[in-house]
Amino acid sequence: MCGFAGFFGGRSAQGTAGDEALLTKMADTIANRGPDDAGYWLDAAQRIGLGHRRLAIVDLSAAGHQPMASGNGRYVIAFNGEIYNHMDLRTELQKTGLAPQWRGHSDTETLLAGFAAWGIQATIERVIGMFAFAVWDRETRSITLGRDRLGEKPLYYGWQGSGQATVFLFGSELKALKAHPAFAASVDRNALCLLMRHNYVPTPYSIYQGILKLEAGCLLNVSMSRPDAQLTRYWSAPDVVSAGVANPYEGTSAQAIDALETLLKSAVSQQLMSDVPLGAFLSGGIDSSTVVALMQAQSARPVKTFTIGFNEKGFNEAEHAKAVAQHLGTDHTELYVTAKQAMDVIPRLPGLYCEPFSDSSQIPTFLVSQLARERVTVSLSGDAGDELFCGYNRYVLASKLWSRLSMVPASLRRVAASGITSLSPAGWNSLGRPVRGLLPGSMRHVNLGDKLHKAARVLVSQNSDSLYLGLVSHWDDPASIVIGGREPPTWLRGKPPHLLENLDPIQRMMAL
């Protein structure tokens, strides 16, 4: 998966040798992201340093080593990700006479050649892939950070320190930034409010003061003459959503199915680009099963698939995955996880995640990744299917609820909500305990009190947007429990994109 880190500016008390040691220390904190190779580049005069840890996927030779300089020497890059259409870009460069003398066949080299020929933004607009990068421009003496359209690859940045020691830090993980002596590591209480609402800290915020995540679909440029970060949005999700709604597909259902299959097949085919063993996570659900089916249809050998199973039937999807694997003829590996194995992961979580992330899926995700790494280097998954194809129950639930709730006077709904919240969640749990045995098996383990309090929040909703916010919030008023904290604006609360105002409720929920 690769990772990088670096610094720009500041004054070193230990000279070039100290800078090199510091750069090595920062990059080595994320060695787990890139166990195959390490590289460091430093221009002491310009106070810029790049460190890189490599997981070799495309071009395993030394020609893929990073940080990498462009053929004309202008750009130096540290890159994390994959450019799926990079061979098409090479062909375009060749046809127009703008290609350099190629040294290898890595997508990083292709990216640099594009920067030299077309400029950074024009190249990124041509690119299909997942990526984050930091590129130093020797001509303008500025650094540009970039992130892919949907933010698949992480990238943190920010100014730290004071006076002559002020330094711009950036990297794939916060732990790399923390290795720099200027890093203050002051927890941002406003970000804690976001954590209480969402169970994670959404972009552009981070858990630390003064440190941000680069927004998806954005480039950011910084120089000593212009230290205020200049943010450029090269791709906009609201624009794409609005264009899609304004120009809906007009073919028949059968044509839509064929068009979708063609598109998915092409996308999966591009992501099979690899010089190392490749496999897939398989849960047995629609999303991962579709991806694996399209992989197997394009592979001459059985695709390696991996599943985590649980002995608790209510949580176990391994049986479905096994049936799909047998049907498709994949080379399937499954691991049934015990409670102890799951618990043993917990002490490792602070090392896996740089900021609080409260989703229980992180444990099986780590375990299936660990299982897959024994046989492959890259695994495809079925993420984002629910977002793209309206797969979450809350989309339909919110729409149906609001159509009914809106018919009940707001005053009555407030009275009902007040009655529910007059008793604590624990109190409701105690009241519900005597009748639990009479409930269907699927409902006996439901936390009744929490569910009722969430229902109370839904009752006082003013419109479909506030109803949706209540459904996806894990705490309704985070600032009330974080001392000195104030919830910053996000797309869900405080700054909805004006381009999404004309969507119907379900379309808007999906877009958000």
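Being under 24 Å from the mean Cα position of the chain (by Cα), in a strand (DSSP E or B) and surrounded by 15 or more Cβ atoms within 10 Å (Cβ to Cβ), is that true of even one residue in the range 196-211? Before the answer, list the steps.
Just the residues of the range 196-211 that are under 24 Å from the mean Cα position of the chain (by Cα), to begin with: 196-211.
Restricting the remaining residues to those that are in a strand (DSSP E or B) gives 208.
Filter once more, keeping what is surrounded by 15 or more Cβ atoms within 10 Å (Cβ to Cβ): 208.
Within the range 196-211 (the criterion being under 24 Å from the mean Cα position of the chain (by Cα), in a strand (DSSP E or B) and surrounded by 15 or more Cβ atoms within 10 Å (Cβ to Cβ)), the answer is yes, since at least one residue qualifies.
Which ones in the range 250-271 are open to solvent by 80 Å² or more (accessible area, probe 1.4 Å) and of a type in the set (S, T, N, Q)?
253, 255, 262, listed by residue number.
Among the residues of the range 468-506, how many are outside any loop (DSSP other than H, G, I, E, B) and at pLDDT 90 or above?
4
Any residue in the range 118-136 that's closer than 17 Å to residue 223 by Cα: show its pairings with residues that are open to solvent by less than 10 Å² (accessible area, probe 1.4 Å) and assigned to a helix (DSSP H, G or I) at Cβ separation under 7 Å, as long as the two are six or more apart or on different chains.
As it stands, the answer is 135/115, since those pairs meet every condition given.
Under the condition of being within 15 Å of residue 511 (Cα to Cα) and surrounded by 11 or more Cβ atoms within 10 Å (Cβ to Cβ), which residue from the range 377-393 is nearest to the chain's Cα centre (by Cα)?
384
Which is touching a Pro at 6+ places or on another chain (Cβ under 9 Å) and among the small types (Gly, Ala, Ser), of 236, 253, 225?
On inspection, the qualifying residue turns out to be 236.
Within the range 394-427, how many residues turn out to be within 23 Å of residue 504 (Cα to Cα), among the charged types (D, E, K, R) and touching a residue at least 24 places away in the same chain (Cβ under 8 Å)?
The total comes to 1.
With the structure loaded, tell me whether residue 360 is open to solvent by 70 Å² or more (accessible area, probe 1.4 Å) and among the small types (Gly, Ala, Ser) or whether it fails that test. Break it down into steps so the answer makes sense when it comes.
Details: open to solvent by 70 Å² or more (accessible area, probe 1.4 Å): yes; among the small types (Gly, Ala, Ser): yes.
Judged against the criteria, residue 360 is a match.
Would you please name the residue that is surrounded by the most Cβ atoms within 10 Å (Cβ to Cβ), looking only at residues in the range 334-357 that are more than 24 Å from residue 323 (Cα to Cα) and acidic (Asp, Glu)?
Once the filter is applied, the top-ranked residue is 355.
Filter the range 38-55 for residues that are closer than 18 Å to residue 153 by Cβ and open to solvent by 10 Å² or more (accessible area, probe 1.4 Å) and give the result.
Matches in the range 38-55: 53, 54, 55.
Where the second residue is not basic (Lys, Arg) and not in a strand (DSSP E or B) and the first is open to solvent by 10 Å² or more (accessible area, probe 1.4 Å) and lies in the range 163-174, which pairs have Cβ atoms under 7 Å and are six or more apart or on separate chains?
What qualifies is 165/10; 165/182; 166/10; 173/30; 173/154; 173/354.
A quick yes/no check of all residues on (1) surrounded by fewer than 14 Cβ atoms within 10 Å (Cβ to Cβ); (2) among the hydrophobic types (A, V, I, L, M, F, W, C):
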residue	(1), (2)
462	yes, no
469	no, yes
473	no, no
489	yes, no
493	no, no
507	no, no
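Go through the range 273-289 and count every residue that is touching a residue at least 60 places away in the same chain (Cβ under 8 Å) and under 20 Å from residue 300 (Cβ atoms).
8
Collect the residues in the range 226-244 that are open to solvent by 60 Å² or more (accessible area, probe 1.4 Å) and free of Cβ contacts under 8 Å to residues at least 60 places away in the same chain, keeping them in residue-number order.
Across the range 226-244, the qualifying residues are 228, 230, 231, 233, 240.
If I filter the range 56-70 down to residues being modelled with pLDDT of 95 or more and not hydrophobic (A, V, I, L, M, F, W, C), which single residue comes out as most open to solvent (accessible area, probe 1.4 Å)?
67
Condition first: under 24 Å from residue 509 (Cα atoms) and among the charged types (D, E, K, R). Now tell me which residues in the range 222-253 satisfy that.
233, 239, 250
Do the conditions hold for residue 11, that is, is it at pLDDT below 85 and over 28 Å from the mean Cα position of the chain (by Cα)?
yes
The values are calculated or read from the model by the stated rules, or taken from the named source; none is laboratory data. For clarity, every value in this text was computed on a predicted model and none was experimentally measured. Reconstructed Cβ throughout: ideal geometry from the backbone, glycine too, with neighbour counts over all protein chains shown. Ligands, DNA and RNA are excluded from the accessible area calculation, which covers all protein heavy atoms including side chains. Shrake-Rupley method; radii C 1.70, N 1.55, O 1.52, S 1.80 Å.
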